[in-house]
Structures are given as C-alpha cells and as structure tokens.
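Shown next, in structure tokens, is the structure this report addresses.
The values are calculated or read from the model by the stated rules, or taken from the named source; none is laboratory data. These numbers come from a predicted model, not from an experiment. Glycine gets a Cβ as well: all are built from the backbone with ideal geometry, and neighbour counts include every protein chain shown.
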Amino acid sequence: MLKGELLKQAVTQSMLGVDLNNIGPSSVDVTLDGTVFRESDIQSLVDLTVIPAHVPVVNRDLLSKNPYMEPNEFILGSIREWVNMPDNLSAMFSLRSCLAQSGLEQATSVWIRPGWQGYLVVELKNFLQFNRIKLAEGMKIGQLHFFECRDL
C-alpha cells in the first residue's frame, strides 16, 4: 500500500478534482457527487438468472432536493473526483468508518483495476430500521487506498 510522498504522487497523477488537503498518511478522502439513483416504487422482478439481468427501475434524484435515505433504502451514487488509474496502480474504496457506525453501508467492496478511468460508482444502503440518514453533495464519503502492481 502506498503512503506518504508516494501516495501524494500517485493521487496527483491519477485523480482530477482532489482537494490536496484530503490526502492522508495512507489514503485519500473522496467526496459524494450530488446526483443519486433511487429504486422506483414500481414493483418488478429482478431476474438474475437471465443475462443481461433485468435491473430495477431507478429514478435520478438530486441530493440538493432530497438529501435523505429512508430506512433500508438502497441508492447508487458516485464520487466527484475523476479517477484515471495508471497501469502500475490499483486502488480500493472503503466507506468512512464513522458513516458505517451511523448505519450507512457500502454494499460491495470496490477495487479499481490498473488502467480504469471514470467516476467511481458507490452502492449505499441505510441499514437503520427506523431512522433516515442525511447525505450531502461534497461530503467525505470514503477513502481510496492505493497499491502498486508488479509483474511476477
């Protein structure tokens, strides 16, 4: 795992829109974009036995208009920072632990492979049974940890 000056070099070479103050000793904090996708209330079957799988109907929503995640709600969001991973680096996204302790969970572990570029999609779930969770555009949502890849 990269840390210190090597991490700072990797972040400045592979990411756009990063606040340099968000680079820590062994990770870089990333922030939530303002557009999310929420499951529609139209009931349908999600059939994972068919390729390509039928996906549920989703509605595009802005956090500025509806910042709340209802109990047990699942949304798709993305980070605001553009990632352009070089061929010799990979990265792993992890949700900030203070958010997880408040009931928000990242649905899957996200590895970013060498050569990948784009805005990273994050799958978020409110695991609370009775309380809503408020999100905001630009909030620190997680960290990226960078790893050097070498041929064996």
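Some notes on this structure:
- Every residue from region 65-86 that is within 20 Å of residue 18 (Cα to Cα) and out of contact with any Asp or Glu (no Cβ under 7 Å at 6 or more places or on another chain): 81, 82, 83, 84, 85, 86
- Number of the condition not met by residue 86 [criteria: (1) part of a strand (DSSP E or B); (2) more than 26 Å from residue 129 (Cβ to Cβ); (3) at pLDDT below 95]: (1)
- Every test in (1) polar (S, T, N, Q); (2) in a loop (DSSP other than H, G, I, E, B); (3) closer than 15 Å to residue 135 by Cβ is passed by residue 78 save one, and that test is (2).
- Residue satisfying all of: in region 28-68; part of a strand (DSSP E or B) and under 29 Å from residue 146 (Cβ atoms); modelled with the lowest pLDDT among these: 37
- The residue of region 89-130 that is surrounded by the most Cβ atoms within 10 Å (Cβ to Cβ), among those that are in a loop (DSSP other than H, G, I, E, B) and among the charged types (D, E, K, R), is 96.
- Taking the listed residues 105, 148, 70, 81, the one that is in contact (Cβ under 8 Å) with a residue 40 or more places away in the chain and under 11 Å from the mean Cα position of the chain (by Cα) is 81, with no other qualifying.
- Residue identified as exposed (fewer than 12 other Cβ atoms within 10 Å of the Cβ), under 22 Å from residue 30 (Cα atoms) and at pLDDT 95 or above among 134, 140: 134
- Restricting 124, 152 to residues that are of a type in the set (A, V, I, L, M) and over 18 Å from residue 30 (Cβ atoms) narrows the list to 152.
- Qualifying residue in region 109-118 (condition: of a type in the set (Ser, Thr, Tyr), farther than 25 Å from residue 44 by Cα and more than 12 Å from the chain's Cα centre (by Cα)): no
- Residue list for region 5-26, filter: in contact (Cβ under 8 Å) with a residue 40 or more places away in the chain and over 17 Å from residue 88 (Cα atoms): 16, 17, 18, 22, 24, 26
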